[in-house]
Amino acid sequence: MKVEPRLHFHMPLQRTPFHARTSAANVLNQWGNWSGYTTALVFEDEAMEYSAIRNAASLYDLCPMVKYRFTGPDAAACLDRLTLRAASRLSVGGVHYTAWCDDAGKFLDDGTLFRLGPEDFRLCCQERHLPWLIDSALGFDVRVREETEEVAALSLQGPCSAVVLQAAGFDVSALKPFRMMSLPFGDGTLLISRTGFTGDLGYELWTTPDQALRLWDHLTVAGRPWGIRPVGSSALNLARIEAGFVITNMDFIAAHQAVREDRTRSPIEMALDWMIDWDKGHFNGRRALLAEREGKTSRWAFVGLDVPGNVPATGAVIYAGKTKEAGFVTAAEWLPTAKRNVALAHIERKYLKSDLWADIYALRELQYARLMLPVTVTERPFFNPARKRATPPGRF
Amino acid sequence: MTWDAVIIGAGHNGLVTAGYLARAGMKVCVVEKNDWIGGAAVSRELFSGFTYSNCSYVSSLFRPEIMRDLELPKHGLQILPYEGGAVMMQDGGHLGMFRDHDANRREFARHSPRDAEAYDRYARDVLRHCRFIRPLLLRTPPDPSSFRPRDLAELAWLGKRMFALSEAQMYDMIRFWTMSISDFLDEYFEHPTIKAYQAVASIIGTALGPMSPGTAYVLLHHAMGDVDGNVGAWGFARGGMGAITRALAASLRAAGGEIRTGSGVAKIAVRGGRTTGVVLDNGDEIAGRRVISNMDVKRTFLGHVDEAELPGDFVKRVRAFKTRGSSGKLNIALDAAPKFTALPEGAPFIKGDLHFTDSIERMERAYDDWKAGHFSRDPFQDVMIPTMIDPTMTPPGKHFMSCFVQYAPPKIEGQDWTDADRDAFAKTCIDQIESYAPGFRDLILHMEVRTPRELEAEVGLTEGNIFQGELTFDQLLFNRPVPGYAQYRSPIRDLWICGSSTHPGGGVMGAPGRNAAAEILRDAKMPVKEMSDAYAIP
């Protein structure tokens, strides 16, 4: 739903192409602002929505995610220069998770890169970077444009998601993780990628806004036998913590928005150095990152923590030996599927080997009970089912 | 009787100093030449039922520490945030500014998709510069040539802050302090109107164009205030800007201070290199142990002190202190709200600042006229209608419109302003508004026109400079107003200065007044109590 651009102030939050359906489904009327869009936080019941992600099939409106398109002969070379991974080695029809830095090697954002054609890429991310992307493309024969509003996207996640697609007439049995396929749909086309933000079996469906409601209805009808339901951002957030994923400006501050210089992080500090392709040639931030790696100057480590008990360590300060401030928690949850109490945290590297404690304030009937609990660094993801990877996907 | 402190001028800084001194236990008398108080933070009813903000017209810089210390809310002060703003474009379009981040992005995107996404980084950088400067506001600048422990400690503090910056930030900071706003904005934005809106705060009150080096800092000066912690936000004082000085006066009186209006100071009495009080225009002598001048540095030392009492070098530097007037003001009582054809019905930014200058180049051309000794033929106007938010200033349905106009030189082609010049100036401004809001002229019930001539004659601002001296880097910090005298002192013992000519400068900030009070109390070996520490966010 749109208003005349010059009158946008009549609708301060934009509505996605699925708004007619999401607003009808949002019986709790719980909305949030995601990048300027009205988005459902919870539709009916957060726990049931989370359960649909892990047990059945869930629909999540992805439209507010920021999307950029890179087209032209140098598109791959330009993305090699912009991002940490080698976009040129991504085959057509492939997707990879990637990230990019400023020249000082500080993290700007992460996202997924889709290679739609030999000279055609789509980059999906959380924050907005157009001037940076355009400047990074200087000297390359490539066109960069923002296309967020031109795409309608839904995330279909859960162990039954493949079956639901099958029932909807989309044969995804041969589709491997991080691959995509295109097929005709309605008056347009539908792109299905085996990607998601839940760490479970799942797909993302991409079409044009004019096909959006048709797609929603089609999936809702096809998925009914498997209990498909729309899920809000709250349930998704729980699932993504379980999967160990980070969100820009929730788990780290995008360098272009960090007013305090010490708030920026390098991908090494964010434990994303595995994606850096050191051999592909120069990329933004390479020199600084190389110096950081060789000089071992990383100050921070982004880690998963195991927390005893069942009280989430939300916002906790982490101490080394109960006394020295060593870091802080950016996300914490009791994980219903993994049955673990975990946190994502920034820890100063020099304290990584110390005994770490989380200073947790648990609100109990208007009073905070203070818990000082020993925590241990643990592997991510916290939950990693085989069904996420199986091709063809299992029936459930 | 002999007062502990005689303060010349009941402007906001004079009243702030007076308030702190009175609370510290001094016997304080403020003398004011006008029949009313307020200086340039003044609200007068010149047309029945209409209250104006006759000079300053918006508030952001006024330090919350002062509001709290002097209990101004208890004495009636309320600051109301206002909503965004807009530039009307010559092609009939508009650029709105919104308080909401995403609304701004969508608005920018109508004009330039690239600029729409440039704002985050721009805002980050401006905020970084703000965070460096803000802690300096409520501190007395160190004297870099002094070896007093306090100066050394203060210099060390400043140096430590500087060296806490990364190398890249240090470069950016030094460039920013010296560059033009036009060059600074070019690094972020491409659209002329987006740049023109952002440039506004860097030319206000300054006799420089947006392409003049040094103007980027002036932007910062306007961006480092806050309304309730929202750095960069601006608001109205409920009841007009005079509400600030009314509250300050009430607070002062409650603390036992006295204010005498209706006769200005003819002369500051000096005996043996030390002041003994003031002599008023009406012949009254007021004896004081110390005299604190809220007048600008030129008016204080070139008009009211025998120059023979002053070191020649000091006089020379005071004369050279730049106080070039650059602005005028129209205060208009309106029968109804004006209708601007470029602005969509119901847009919130009618409650904010409205401009017609839609490019940096047009702004610079307006400055060219000033250089030639004339007011701008196509002036820049900062138009606000506070009654869109404040219900107390006019009868219902009527409006008060404040038009800050730039550029207007202190003299017209070297000659004093005449009434005919003033009327031609007003006509130029009204014609401009009329061209964006047909029928506007017919709504005017009453109008007060102020050129630099009126600002000097009535408010006492030399050459009509609203900041009591330009806010360029050569006139800031330990160089404000002149090197060696940046600590609110003067060459004459017990004669102090507390106005905007001193650090940290102009705007209705109150910081010079508070800093001066702190120095005076320290000098008098009185405890600096009831002065809270500067609020700081790590």
| task | Could you tally the net charge around residue B:475, taking each other residue with its Cβ under 13 Å from the Cβ of residue B:475, Lys/Arg +1 and Asp/Glu -1? | result | +2
| request: Work out the charge dipole of the protein assembly as shown with +1 on the Cβ of Lys and Arg and -1 on the Cβ of Asp and Glu about the Cα centre, then indicate which of A:124, A:347, A:173 is farthest towards its positive end. | output: A:347
| Longest to shortest principal axis, alpha-carbon extents of chain A, angstrom | 63, 56, 48
| Rounded to a whole number, what is D in µm²/s for region B:315-440 from Stokes-Einstein with the Kirkwood radius over alpha-carbon pairs (20 °C, 1.002 mPa s)? | 134
| task | State whether chain B is rounded, prolate or oblate according to the following rule on the C-alpha gyration tensor (a ≥ b ≥ c being the square roots of its eigenvalues): a/c under 1.5 gives rounded; otherwise a/b larger than b/c gives prolate, and the remaining case gives oblate. | result | prolate
| note | A student asked for the Cα radius of gyration and Dmax of region B:455-538 in angstrom ought to give 13.9, 44
| request: First select every other residue whose beta carbon is under 10 angstrom from the beta carbon of residue B:64; then total the charges, Lys and Arg +1, Asp and Glu -1. | output: -2
| remark: Among the Cα-Cα pairs of region A:299-378, the proportion with separation greater than 14 Å, in percent, is 55
| Cβ charges +1 (Lys, Arg) and -1 (Asp, Glu), total dipole of region A:299-378, debye | 220
| query | What's the percent breakdown of Cα-Cα distances in region B:22-171 across 10 Å bins, shortest bin first? | reply | 8, 19, 26, 27, 17, 4, 0
| query | What is the dipole size for the protein assembly as shown, taken about its Cα centre, with +1 at each Lys and Arg Cβ and -1 at each Asp and Glu Cβ, in debye to the nearest 20? | reply | 2400
| So how tilted is helix B:167-178 from the main axis of chain B? Cα-based, degrees 0 to 90, rounded to 10. | 90
| query | If we sort A:53-64, B:5-16, B:92-103 on the protection proxy, mean other Cβ atoms within 10 Å, highest first, what's the order? | reply | B:5-16, A:53-64, B:92-103
| task | Would you mind counting up the charge near residue B:148? Only other residues with Cβ under 14 Å from its Cβ, with Lys and Arg at +1 and Asp and Glu at -1. | result | -2
| said: Tell me the Rg and the Dmax, in Å, that the Cα atoms of region B:97-223 produce. | reply: 17.0, 57
| message | Under 10 Å, Cα contacts only: if you run a Gaussian network model on chain A, which one of A:109, A:171, A:279 comes out with the highest mean-square fluctuation? | response | A:279
| query | Which whole-number value in Å³ per residue fits the convex hull of the alpha carbons of region B:185-322? | reply | 182
| query | What relative contact order, as a whole-number percentage, does region A:299-378 give when Cα pairs under 8 Å and 6 or more residues apart are counted? | reply | 37
| field | Lys/Arg +1, Asp/Glu -1 at C-beta; chain B dipole; positive extreme among B:22, B:424, B:321 | value | B:22
| remark: For chain B, the dipole about the Cα centre with charges only on Cβ (Lys and Arg +1, Asp and Glu -1), to the nearest 20 debye, works out at 1720
| For peptide A:253-265, how many partner chain Cβ atoms fall within 10 Å of a residue's Cβ, on average? | 3
| request: Give me the compactness ratio for region A:32-86, meaning the Cα radius of gyration over 2.2 N^0.38 Å. | output: 1.74
| field | Convex hull of Cα atoms in region B:385-525, direction-averaged projection (nm²) | value | 12.3
| remark: Taking Cα atoms only, helix B:360-371 is inclined relative to the longest principal axis of chain B by an angle, in degrees rounded to 10, of 50
| said: Per q in 0.07 Å⁻¹, report the Debye log10 I(q)/I(0) for the protein assembly as shown, using one uniform scatterer on each alpha carbon and no solvent. | reply: -0.69
| task | Pairs to check: A:67/A:353; B:316/B:411; B:329/B:529; B:267/B:525. Give those whose C-alpha atoms are more than 31 Å from each other in this structure. | result | A:67/A:353; B:329/B:529
| query | Of B:135, B:191, B:485, whose Cα points farthest to the positive end of the dipole of the protein assembly as shown (charges on the beta-carbon: +1 Lys, Arg; -1 Asp, Glu; origin at the Cα centre)? | reply | B:135
| What's the average, rounded to a whole number, of partner chain beta-carbon atoms within 10 Å of each residue's beta-carbon in B:102-115? | 4
| note | Under the helix-only model (-39500 (n - 2.57) for each DSSP H run of 4 or more, divided by the residues of chain B), the mean residue ellipticity at 222 nm, to 500 deg cm²/dmol, is -9500 deg cm²/dmol
| Quick one, what does Rg over Rh come out to for region B:246-384 if you take C-alpha atoms and the Kirkwood Rh? | 1.13
| Debye log10 I(q)/I(0) for region A:140-229, one point scatterer per Cα, at q = 0.12, 0.14, 0.25 Å⁻¹ | -0.37, -0.50, -1.39
| message | Counting pairwise Cα distances across region A:1-146, what percent come out greater than 23 angstrom? | response | 49
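No value in this document is a laboratory result; all are computed from the given coordinates. As the structure is a computational prediction, the values presented were derived from the model and not from experiment. All Cβ positions, glycine included, derive from the backbone under ideal geometry; neighbour counts span all protein chains shown.
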